[in-house]
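Take a look at the structure set out below.
The values are calculated or read from the model by the stated rules, or taken from the named source; none is laboratory data. Because the structure is predicted, anything quoted here is derived from the model rather than measured. When we count neighbours, we look across all protein chains shown, and the Cβ atoms used for this are built from the backbone with ideal geometry, even at glycine.
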Amino acid sequence: MCIRDRYQRAVDILKSYVNSECVELFSSDIIKKDLDEFKCVFSPEKLQALDDTQLLSTIFFSSGDNTNTLCYWLEMKGNIRENFGSIAGGSSYKFGLFQNKTSGVWLSGYSQNPVELTVDEALTIGRTIRDALVIGATIIRDAKLETIEDYEHLDDILKEKVGEKYYELGWIHKYFSMIYSDKLSGFHSAEWQKHVLRALKIKPSEKTYVRSGQISMIQNLSGWYYKQFLDVFKSRFGEVRQFIRLGCSDSTKSYADEWKKKGVVGFGYPNTGNLTELAIKTRIDRATIRRELEKNYTFSDKKTASRIAGELFRFYNSDSNTVFVIMNGETLIACADEIGTYTYNLESDMPHQKPANWKLVFDVGEKLPEKPEGLRTICYPFSKSENLSFLYERYYYGRVKSECIKDNDKSNIDYEKGINFYTKIDSSFERNRIMFGAPGTGKSFNLNEDAKKLLGNNYETNLERVTFHPDYSFANFVGTYKPVPIKDNGKDSITYAYVPGPFMRVYVKALKNSRTNLIQPFLLLIEEINRANVAAVFGDIFQLLDRGFDNVSEYPIHASEDIKNYLANELGGKPSDYSRLKIPDNMFIWASMNSADQGVFPMDTAFKRRWSFTYLGIDDGDKEIRGKYVYLGGKEKQKIEWNSLRKAINEFLANENINEDKQLGPYFISKNILIVDTDEIDSDTFCEVFKHKVLMYLFEDVARQKRSKLFANSKFGYTRYSKICKAFDEQGIEIFHNDIQADVIRIESISSELDNNLVHMDN
């Protein structure tokens, strides 16, 4: 790829993001107005014309009114500070000259070693700095800056003519960049310049003005001013990232899997104790930690203790802009970001821990391109250019060439046609819907029948069903990287690939369909939604459930690099095209919920309000089982209606203040058993199911505290489930409380006929 193409690619990355996110750019009129004002007041010609009475008070901080000084405008003036790159921080010594407000003495040097100056000495330094500004601005004005070579030459000339002492100072660079905003960028620090270029896949130069030129070339191609460029860049890539190597093993084992499972990163040396508790007693710094290490561990020399103390201190101070590169020796394991607050875990051999998002898992055996850094260290910041460029590429863009699980049927997808989240598909059904009620009320059945109505002939292809359980996770639901078997040169091998979960599979199908001329609905049906921790399973997908009037997600979320790469692989385009996720209006998410089950997870109000709830009453849908009868009770056969028995038990439970959601729905016993061609239910099958499902449910779950009353007439007692089953075989419904027996409809009794037959046989 030629140099020009690299810079155009960087522009395309940012503009694609702007288009996909509908980013509004800061007003160029305001920027131009501020630039014109600054140039009018502090042009090189104006600075050159300053005499000795004006020079110091016009350029530098002094004991007088500072609001009209060049240094104040560059560092403190509102719009200038916000719109043209900040140089805030540090002391006034960074300007090379300033006047102490209290004493009136002019100072130079450094805060640790200040130099007091006479007025004449101050004027001499002031003239030198003024001349550096004027000379530098003139050089930049006359320079032809179209290529990287041009900027290389510019850096060399500025270094020579402006002087090595001044030319790389942030405030001087800012002055030059405001005077010639078309030639230099508004990024004034080396770390920000390198961050921008690496994030945009461009290798940064080691020279300040070349890096500034590299960014300026991107800005010019984009047509944006610095402020506009910065807003877009920060929204897409965030603040400066520090990539730090973090070893994940000690002499006994690797802790990578443990950390990943718990969502943390860690550091050893447990005997130092809790650093948070230590911080309450004293100031936490490298020296403090070294003393704790030396108290509790033996080191070969003080240098080693100091090194480890520094690394633990670095770990302790890591923040949300830190990216830990988890490594085992030379082998890359993963990247972890979103670093949280320090905790001390007594149960771990790596007790110094921080919550972290395991963002990227590297391929098995993958290593850094340059000679590894910090192999003999635990927590070490990367500095080699090739390694950092590689890490930026993988962190922000993922596995461009990864072995993703693919949908091979893409023949009907028009990749030139953009994703259409608002397909205008019409449906009377709610997009997010939960059906709930007592066990056996037919929640799954009703949802399935509605699914057939919604999907029509596409029922088999456009429906995916999943059942939640306590161990179900975000990785199961949305997707994650997993080991996947592949053929490598004809040999069986293992690689890591992104494997989508049911949400992502349905999501991709819906997005693919949005590009076609035949829009269809797609349904994700979740059974037993509250048997999993929905907050953990949905994660940030939860935000997408909040749909607007058009049934499209009202608040998009940022996609992980893994997801962006997967979507680009499935839908075409670049990963950056899929920076944000929204649920389209042709994707439906329905669920069933039974709050009566034991071991279910509660749902918070924020989650609930994003769903439409449909309640199935305890007797809704019992029409099909009315009049269905079964024979119970051994020799003393009882011909009873199942629906009548169910309602009698429910009435008893209700009178005992047991909620409706724990009572028996019409289909607590399967329809396959209850709904038969005749009105007679197979008694043997029914009795077995009744004992092992109904009686067990009543005994263990619903009436645990009411057993003595519910099973009051069981001839073998009520304390053991097996005895109740034995009594039911012989007594039928007569094991229950008299109120239940009284409410049951006995269709007819044949006990007298049986008794007569027995009498005749005895005779």
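Residues of region 541-550 that are surrounded by fewer than 22 Cβ atoms within 10 Å (Cβ to Cβ) and not β-branched (Val, Ile, Thr): 542, 543, 545, 546, 547, 548, 549, 550. The single condition from (1) modelled with pLDDT of 85 or more; (2) surrounded by fewer than 13 Cβ atoms within 10 Å (Cβ to Cβ) that residue 753 fails is (1). Restricting region 284-319 to residues that are free of Cβ contacts under 8 Å to residues at least 24 places away in the same chain and closer than 25 Å to residue 356 by Cα, the residue that is surrounded by the most Cβ atoms within 10 Å (Cβ to Cβ) is 309. Does region 189-208 contain any residue that is among the polar types (S, T, N, Q) and under 19 Å from residue 25 (Cβ atoms)? Checked against the condition, which is being among the polar types (S, T, N, Q) and under 19 Å from residue 25 (Cβ atoms), region 189-208 yields no hits at all. From the list 609, 626, the lone residue that is within 30 Å of residue 430 (Cα to Cα), surrounded by fewer than 20 Cβ atoms within 10 Å (Cβ to Cβ) and of a type in the set (Lys, Arg) is 609.
Can you confirm whether residue 616 is under 50 Å from the mean Cα position of the chain (by Cα) and closer than 25 Å to residue 444 by Cβ? So residue 616 fits the description; yes.
Select the helices (runs of 4 or more DSSP H) contained entirely in region 118-206, then report the ones holding at least 1 residues which are in contact (Cβ under 8 Å) with a residue 12 or more places away in the chain and surrounded by fewer than 16 Cβ atoms within 10 Å (Cβ to Cβ).
Numbers: elements: 119-142, 148-161, 170-179, 190-199.
Where helices (runs of 4 or more DSSP H) fall fully within region 118-206 and carry at least 1 residues being in contact (Cβ under 8 Å) with a residue 12 or more places away in the chain and surrounded by fewer than 16 Cβ atoms within 10 Å (Cβ to Cβ), they are 119-142, 148-161, 190-199.
How do the pairs read when you match residues in region 619-648 that are within 13 Å of residue 675 (Cα to Cα) and assigned to a strand (DSSP E or B) with residues anywhere that are modelled with pLDDT of 80 or more and of a type in the set (A, V, I, L, M), using Cβ under 6 Å and keeping only pairs 6 or more apart or on different chains? From region 619-648, the pairs are 630/681. On the stretch given as region 319-346, residues that are under 27 Å from the mean Cα position of the chain (by Cα) and closer than 20 Å to residue 292 by Cα total 4.
Quick grid of which residues meet (1) assigned by TED's automatic domain parsing to the domain that holds residue 119; (2) more than 44 Å from the chain's Cα centre (by Cα); (3) of a type outside the set (A, V, I, L, M, F, W, C); (4) modelled with pLDDT of 95 or more:
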residue	(1), (2), (3), (4)
38	yes, no, no, yes
42	yes, yes, no, yes
46	yes, yes, yes, yes
53	yes, yes, yes, no
59	yes, yes, no, yes
63	yes, yes, yes, no
66	yes, yes, yes, no
76	yes, no, no, no
81	yes, no, yes, no
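Would you check which residues across region 100-117 are under 24 Å from residue 64 (Cα atoms) and surrounded by fewer than 14 Cβ atoms within 10 Å (Cβ to Cβ) and list them? Listed by number, the residues that qualify are 101, 102, 103, 104, 109, 110, 111, 115, 116. The one condition from (1) crowded, with 20+ Cβ neighbours inside 10 Å; (2) modelled with pLDDT of 80 or more that residue 656 does not meet is (1).
When restricted to residues that are farther than 21 Å from residue 181 by Cβ, of a type in the set (D, E, K, R) and crowded, with 20+ Cβ neighbours inside 10 Å, region 226-253 contains 3.
Do you know which residues across region 321-369 are among the polar types (S, T, N, Q) and under 18 Å from residue 267 (Cβ atoms)?
In the first step, residues of region 321-369 are kept if they are among the polar types (S, T, N, Q); the result is 321-322, 328, 331, 341, 343, 345, 348, 353, 357.
Within region 321-369, 322, 328, 341, 343, 345, 348, 353, 357 qualify.
Within region 420-432, residues that are part of a loop (DSSP other than H, G, I, E, B) have Cβ atoms under 6 Å from residues that are surrounded by fewer than 16 Cβ atoms within 10 Å (Cβ to Cβ) and of a type outside the set (Ser, Thr, Tyr) in these pairs: 422/550, counting only partners at least 6 apart in sequence or on another chain. Checked against (1) within 36 Å of the chain's Cα centre (by Cα); (2) buried (at least 17 other Cβ atoms within 10 Å of the Cβ), residue 5 passes all but condition (2). Set side by side, the residues 300, 222, 235, 306 differ, and just one is closer than 30 Å to residue 156 by Cβ and polar (S, T, N, Q), which is 222. Checked against the criterion of being over 22 Å from residue 564 (Cβ atoms) and in the same structural domain as residue 196 (by TED's automatic domain parsing), the candidates 25, 14 yield just one match: 25. Taking region 551-562 as the range and being of a type outside the set (S, T, N, Q), within 18 Å of residue 361 (Cα to Cα) and surrounded by fewer than 21 Cβ atoms within 10 Å (Cβ to Cβ) as the test, the residues that pass are 559, 561.
Considering region 44-79, and only residues there that are part of a loop (DSSP other than H, G, I, E, B) and acidic (Asp, Glu), the residue that is surrounded by the fewest Cβ atoms within 10 Å (Cβ to Cβ) turns out to be 51. Scanning region 717-737 for residues that are surrounded by fewer than 17 Cβ atoms within 10 Å (Cβ to Cβ) and among the polar types (S, T, N, Q) yields 719, 722. Screening residue 364 with (1) modelled with pLDDT of 95 or more; (2) out of contact with any Cys (no Cβ under 9 Å at 6 or more places or on another chain) gives one miss only, at (1). Here residue 279 fulfils each of the conditions (1) of a type in the set (A, V, I, L, M, F, W, C); (2) surrounded by fewer than 18 Cβ atoms within 10 Å (Cβ to Cβ); (3) at pLDDT 95 or above apart from (3). The strands (runs of 3 or more DSSP E) falling completely within region 269-386 that include 2 or more residues that are of a type in the set (Val, Ile, Thr) and under 25 Å from residue 252 (Cα atoms) map to 322-328, 331-337.
Residues that are in contact with a Phe, Trp or Tyr (Cβ under 8 Å, 6 or more places away or on another chain) and under 25 Å from residue 457 (Cβ atoms) number at least 2 in the following helices (runs of 4 or more DSSP H) confined to region 499-591: 502-514. The one condition from (1) surrounded by fewer than 16 Cβ atoms within 10 Å (Cβ to Cβ); (2) touching a residue at least 12 places away in the same chain (Cβ under 8 Å); (3) of a type outside the set (Val, Ile, Thr); (4) in a loop (DSSP other than H, G, I, E, B) that residue 82 does not meet is (4).
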